[in-house]
Structure formats: C-alpha cells, structure tokens
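Have a look at the structure below before the remarks.
The values are calculated or read from the model by the stated rules, or taken from the named source; none is laboratory data. This one's a predicted model, so the numbers in the text were calculated from it and none came from an experiment. Cβ coordinates were reconstructed from backbone atoms using ideal geometry, including for glycine residues, and neighbour counts include every protein chain displayed. These area figures cover heavy atoms from the full protein model, side chains too; ligands, DNA and RNA do not enter into them. Shrake-Rupley method; radii C 1.70, N 1.55, O 1.52, S 1.80 Å.
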Amino acid sequence: ETHLSCDVVDVRTAEEEDEDEDALPHSEILDIFEEGLAQLVQDPLLCDLPIQVTLEEVNSQIALEYGQAMTVKVIKADGETMPIVVVQNATVLDLKKAIRRFMELKQQREGGVKHISWRYVWRTYHLIFQGEKLEDDTMRLKDYGIRNRDEVTFMKKLRKK
C-alpha cells in the first residue's frame with residue numbers, strides 16, 4: 001500500500017499579495033449579485049418572484065415547473081389570496097409551515113406586524129377545503145382531494161359554549 005501525502009504550501013508572489021488589496025468590498029459584491037439576480041428573475045419562469053428572492057422561493061418555482069410541487073391558493077378572511085407552494089405529497093402541517101414562511105417573508109419585505117402567534121392562529125382558525133376542515137396535520141393534502149391551484153380558506157373556528 002502506498003500512501004500519498006500532500007502538503008499544501010501557500011506560495012504567493014508579491015503580485016498576488018497586492019491583488020488581495022484590490023478585492024471588492026462586500027457592499028459592491030452584494031450590488032453585483034443583486035443586479036445579476038434582478039436579471040435572472042426577468043426569466044419567464046421566475047418573473048413572478050420578488051426582487052429580494054430567497055433560494056427557497058427559486059427552488060419552489062423550479063419544483064413547480066417540474067411538477068414536483070403545487071400551488072395551493074389560501075384565501076384569508078379579508079379576501080387576500082396567498083399562493084402557497086408545497087411539494088406534491090405535502091401534509092396539512094407542511095401547508096401550515098409554508099403559510100407561516102410566506103407570511104414571514106411578506107412581512108420582511110413590506111414591514112408591518114412584527115410578530116404573529118402561530119399557536120393562536122391555529123387555535124383560532126381552520127383551513128377549509130370544499131367545506132371540509134383540514135384537522136389532521138399528518139394527513140396529506142392530496143388525501144383531502146387538494147390538487148394544484150385548488151383553493152383553501154382560512155375560517156375562524158366557532159367557539160364552543
């Protein structure tokens with residue numbers, strides 16, 4: 001058996017040392033990156049994404065394109081529709097987590113309410129699909145009959161007296 005030993009030696013010329021001093025400051029690199037990202041999101045596949053897009057949003061969009069994900073339109077009490085992207089075999093809990101991420105990103109971008117108590121939200125509201133409450137967090141959305149572009153409604157729970 002022969003073992004190869006590789007010692008990495010940092011051999012740099014005076015010229016290379018000077019190049020480091022010319023390195024771009026972080027802020028300029030960010031500007032270049034954001035400019036490139038802005039051009040990227042003009043692609044027809046990604047044009048619906050916001051300018052400060054996250055990697056997760058890009059991946060979701062790609063998964064949608066390849067049929068690995070679906071969009072569930074979640075309708076809030078005020079009539080606003082939230083397009084929530086989840087994987088094809090997502091559970092009710094996955095949908096709830098995706099709604100939470102969607103809202104947190106929306107708040108970061110628009111400002112507004114800083115903290116939402118999600119425990120309160122899920123104690124107070126049901127998700128309803130075609131009159132049926134999505135009560136079992138472990139059940140898959142497709143087992144409730146939910147498909148791509150279907151609408152799910154946020155509905156306030158009735159208090160038991």
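Inspect all residues belonging to the range 38-45 and state whether any of them is out of contact with any strand residue (DSSP E or B) (no Cβ under 9 Å at 6 or more places or on another chain) and at pLDDT 75 or above.
Checked against the condition, which is being out of contact with any strand residue (DSSP E or B) (no Cβ under 9 Å at 6 or more places or on another chain) and at pLDDT 75 or above, the range 38-45 yields no hits at all.
Name the single residue that is nearest to residue 95 (Cα to Cα) among those in the range 134-161 being at pLDDT 95 or above, open to solvent by 60 Å² or more (accessible area, probe 1.4 Å) and more than 22 Å from the chain's Cα centre (by Cα).
Restricting to residues being at pLDDT 95 or above, open to solvent by 60 Å² or more (accessible area, probe 1.4 Å) and more than 22 Å from the chain's Cα centre (by Cα), the top hit is 136.
Just to be sure I understand the filter: pairs with C-beta atoms under 8 Å, separated by 6 or more residues or on different chains, first member in the range 57-70 and farther than 16 Å from residue 37 by Cα and open to solvent by less than 30 Å² (accessible area, probe 1.4 Å), second member polar (S, T, N, Q) and in a helix (DSSP H, G or I). Which pairs pass?
Once the first residue is farther than 16 Å from residue 37 by Cα and open to solvent by less than 30 Å² (accessible area, probe 1.4 Å) and sits in the range 57-70, its partners that are polar (S, T, N, Q) and in a helix (DSSP H, G or I) give 69/60.
Checking residue 35 against (1) charged (D, E, K, R); (2) in a helix (DSSP H, G or I); (3) open to solvent by 100 Å² or more (accessible area, probe 1.4 Å); (4) modelled with pLDDT under 75, only one condition comes out false. Which one?
(4)
Examine the range 83-93 for a residue that is of a type in the set (Ser, Thr, Tyr) and under 22 Å from residue 159 (Cα atoms), and state whether such a residue exists.
No; the residues of the range 83-93 include none that is of a type in the set (Ser, Thr, Tyr) and under 22 Å from residue 159 (Cα atoms).
Just for the range 71-92: of the residues that are among the polar types (S, T, N, Q) and within 11 Å of residue 146 (Cα to Cα), which one is surrounded by the fewest Cβ atoms within 10 Å (Cβ to Cβ)?
Filtering the range 71-92 for residues that are among the polar types (S, T, N, Q) and within 11 Å of residue 146 (Cα to Cα), the one surrounded by the fewest Cβ atoms within 10 Å (Cβ to Cβ) comes out as 89.
Keeping to the range 109-161, report how many residues are farther than 18 Å from residue 87 by Cα and not aliphatic (A, V, I, L, M).
The total comes to 27.
Residue check: is residue 131 modelled with pLDDT of 90 or more, under 29 Å from residue 53 (Cβ atoms) and more than 19 Å from the chain's Cα centre (by Cα)?
For residue 131, the condition - modelled with pLDDT of 90 or more, under 29 Å from residue 53 (Cβ atoms) and more than 19 Å from the chain's Cα centre (by Cα) - is not met.
Show the residue pairs meeting these rules: Cβ distance below 6 Å; 6+ apart or different chains; first residue within the range 90-102 and more than 18 Å from residue 133 (Cβ to Cβ); second residue open to solvent by less than 60 Å² (accessible area, probe 1.4 Å) and part of a strand (DSSP E or B).
Sorted first by the residue in the range 90-102, then by its partner, the pairs are 98/84; 98/86; 102/82; 102/84.
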